[in-house]
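Reading through the C-alpha cells given below for one structure.
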Amino acid sequence: MQGTPAFMSPEQVAGQEVGPASDIYSLGVVTYFMLSGRLPVEAETVFALMSAIVEGKVVPLERRRLGVSLAFRELLARMLARDPTRRPASAAEVLATVSDAALGAF
C-alpha cells in the first residue's frame with residue numbers, strides 16, 4: 001500500500017485492487033479540502049483514519065462549508081462514495097457534470 005492515508009480510497013486502504021474510481025475518490029478528497037480547508041474524513045490516529053475511510057465516514061460538505069450548490073455537493077458525495085461503483089466512472093464524467101450544473105456560489 002502506497003499513498004497518503006487521508007487521500008486514499010477505501011479500496012486502497014483495504015488493500016484491494018484500485019483503478020480509475022480510486023483516483024476519482026482522491027480527486028474528491030482534494031476538492032473537498034480546497035472548499036472547506038479540512039479533510040472529509042478525520043481521526044486522531046492513522047489507524048482510526050484508515051478505519052473511518054474504509055467505513056465511509058465522510059463528513060457532509062454542508063457541515064463545513066455553506067454556499068456550495070446542491071448539484072456540486074451531490075457530485076462530491078458521489079466522488080467520495082465508499083463503493084467505487086457509485087462514483088463517477090471517469091474524470092470526464094466529473095467534468096461534464098460540473099460543466100452541466102449551475103454551481104452557484106462556491
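The values are calculated or read from the model by the stated rules, or taken from the named source; none is laboratory data. None of the values given here were measured: they were computed from a predicted structure. Cβ sites come from the backbone with ideal geometry, for glycine too, and all protein chains shown count toward neighbours. Note: accessible area is taken over every heavy atom of the protein model, side chains too, but ligands, DNA and RNA are not part of it. Shrake-Rupley method; radii C 1.70, N 1.55, O 1.52, S 1.80 Å.
Can you tell me which residue among Pro5, Pro40 is touching a residue at least 40 places away in the same chain (Cβ under 8 Å), surrounded by 18 or more Cβ atoms within 10 Å (Cβ to Cβ) and not hydrophobic (A, V, I, L, M, F, W, C)?
Residue meeting the stated conditions: Pro40.
Checking the structure you have, find out if any residue of region 22-29 is of a type outside the set (Phe, Trp, Tyr) and in contact with a Phe, Trp or Tyr (Cβ under 9 Å, 6 or more places away or on another chain).
So in region 22-29, the residues of a type outside the set (Phe, Trp, Tyr) come out as 22-24, 26-29.
Applying the additional criterion that residues be in contact with a Phe, Trp or Tyr (Cβ under 9 Å, 6 or more places away or on another chain) yields 26, 29.
Yes, some residue in region 22-29 is of a type outside the set (Phe, Trp, Tyr) and in contact with a Phe, Trp or Tyr (Cβ under 9 Å, 6 or more places away or on another chain).
What are the residue pairs meeting all of these: first residue in region 17-32, first residue outside any helix (DSSP H, G or I), second residue acidic (Asp, Glu), Cβ atoms under 6 Å, and 6 or more apart or on different chains?
Partner pairs satisfying both residue conditions: Val18/Glu11.
Condition check ((1) over 21 Å from Glu93 (Cα atoms); (2) open to solvent by 40 Å² or more (accessible area, probe 1.4 Å)) across all residues:
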| residue | (1), (2) |
| --- | --- |
| Leu35 | no, no |
| Glu55 | yes, yes |
| Ser69 | no, no |
| Arg73 | no, yes |
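Check Leu35, Leu95, Leu76 and return the single one that is more than 11 Å from Ser9 (Cβ to Cβ) and within 9 Å of the chain's Cα centre (by Cα).
It is Leu76.
Restricted to region 75-105, and to residues that are acidic (Asp, Glu) and either part of a helix (DSSP H, G or I) or open to solvent by less than 40 Å² (accessible area, probe 1.4 Å) (or both), which residue is modelled with the lowest pLDDT?
Here the answer is Asp100.
So Gln12 ticks every box in (1) open to solvent by less than 50 Å² (accessible area, probe 1.4 Å); (2) under 10 Å from the mean Cα position of the chain (by Cα) but one. Which box is left unticked?
(2)
Which numbered condition in (1) open to solvent by 10 Å² or more (accessible area, probe 1.4 Å); (2) of a type outside the set (Asp, Glu); (3) within 9 Å of the chain's Cα centre (by Cα) is the only one that Gly28 fails?
Going through the list (1) open to solvent by 10 Å² or more (accessible area, probe 1.4 Å); (2) of a type outside the set (Asp, Glu); (3) within 9 Å of the chain's Cα centre (by Cα), Gly28 breaks only (1).
For Ala81, are the conditions met, namely being under 26 Å from Gly19 (Cβ atoms) and small (Gly, Ala, Ser)?
The answer is yes for Ala81.
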